[in-house]
Amino acid sequence: MENLLKEDERLDYLLAENLRIIQSQSVFSFSLDAVLLAKFAYVPIRSGKIVDLCAGNGAIPLFLSARTNADIVAVELQERLADMAERSVGYNGLDERIRIVNDDVIGIAAKIGYEKYDTVTCNPPYFPAIEASEKNLKEHVAIARHEIHLTLEQAVQSASELLKQGGKAAFVHRPGRLLDIVTAMRANRLEPKRIRFVYPKEGKEANTLLIEGIKDGKPDLKILPPLYVYGPDGEYTEEVRLLLYGQDQ
């Protein structure tokens, strides 16, 4: 354990998956968005190849590993976060199934292979790039949240380049960018097939968008039932509780 954690890092539980993950309050901790995307995305169950873009500290690959036996490549630009992800993968004994690549999402297909993957997941930066004078965030967090090194369009393009024909790309984003992401997907041969909106609770506006497309798919978009995070009592809804804690809680 002494060699596992650095600086202010801690080892948290992924309860539903019975796994552990290295996190840091000052550098990076995954959010509910990662959980939602990992459970929303299609994955091949027994075999196949998956890429997770903008992997952060590796939460989505770890979540996916509980759903599939496919090989997973996780791409993360920031060295510190990629290192955290690699140590989490090793701690959970998943080195043979999850490979962490510390590299840029832009042009990544030229390095790990064009059109050879069944599924791509991506939790991209949500917000436009900000001026240095406006940054009140730590650099690691600013890069993860703002389009400083990667725009939505570039993320979608990379996902398309990685996917086989008929492969599926799943993204989590903000509802305000719905038209942007649909436009980018169609411009890159990804036909939107499933959308689900996530709401803090009933009566509130959606604050999260889950969307999945098929490479060279035919137009036929399904809007799935809404997902509510909190019930009237202020506690997690049953669906979210199951996503976070599993059947035994």
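Here are the numbers:
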quantity	calculated
Residue match in segment 147-159 (condition: acidic (Asp, Glu), within 16 Å of Thr121 (Cα to Cα) and touching a strand residue (DSSP E or B) at 6+ places or on another chain (Cβ under 6 Å))	no
Failed item in (1) open to solvent by 60 Å² or more (accessible area, probe 1.4 Å); (2) under 23 Å from Ala109 (Cβ atoms), with Ile45 passing the rest	(2)
Within segment 173-229, considering residues that are of a type in the set (Gly, Ala, Ser) and within 19 Å of the chain's Cα centre (by Cα), the one nearest to Tyr126 (Cα to Cα)	Gly176
Answer residue from segment 106-139, given it is charged (D, E, K, R), more than 20 Å from the chain's Cα centre (by Cα) and modelled with pLDDT under 95 and is least open to solvent (accessible area, probe 1.4 Å) among those	Lys135
Residue selected from segment 61-81 under the condition among the hydrophobic types (A, V, I, L, M, F, W, C) and open to solvent by less than 10 Å² (accessible area, probe 1.4 Å), by the criterion nearest to Ser29 (Cα to Cα)	Leu81
Enumeration of residues in segment 1-28 that are farther than 21 Å from Asp95 by Cα, open to solvent by less than 90 Å² (accessible area, probe 1.4 Å) and either assigned to a loop (DSSP other than H, G, I, E, B) or at pLDDT 95 or above (or both)	Asp8, Ser26, Val27
Any hit, segment 222-231, residues being touching a helix residue (DSSP H, G or I) at 6+ places or on another chain (Cβ under 8 Å) and closer than 24 Å to Glu153 by Cβ	no
Single unsatisfied condition, Ala142 versus (1) more than 16 Å from the chain's Cα centre (by Cα); (2) at pLDDT 95 or above	(2)
Close pairs from segment 96-110: first closer than 13 Å to Val120 by Cβ, partner among the hydroxyl-bearing types (Ser, Thr, Tyr) and not in a strand (DSSP E or B), Cβ under 6 Å, at least 6 apart	Val105/Ser158; Ile108/Ser158
Considering residues of segment 39-91 that are among the β-branched types (Val, Ile, Thr), in contact with a strand residue (DSSP E or B) (Cβ under 8 Å, 6 or more places away or on another chain) and not in a strand (DSSP E or B) only, the residue nearest to Val120 (Cα to Cα)	Val43
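The values are calculated or read from the model by the stated rules, or taken from the named source; none is laboratory data. This is a predicted model, so every value here is computed, not measured. Glycine also receives a Cβ, built like all others from the backbone with ideal geometry; neighbour counts cover every protein chain displayed. Side chains are part of the model used for accessible areas, which takes the heavy atoms of the whole protein and leaves out ligands, DNA and RNA. Shrake-Rupley method; radii C 1.70, N 1.55, O 1.52, S 1.80 Å.
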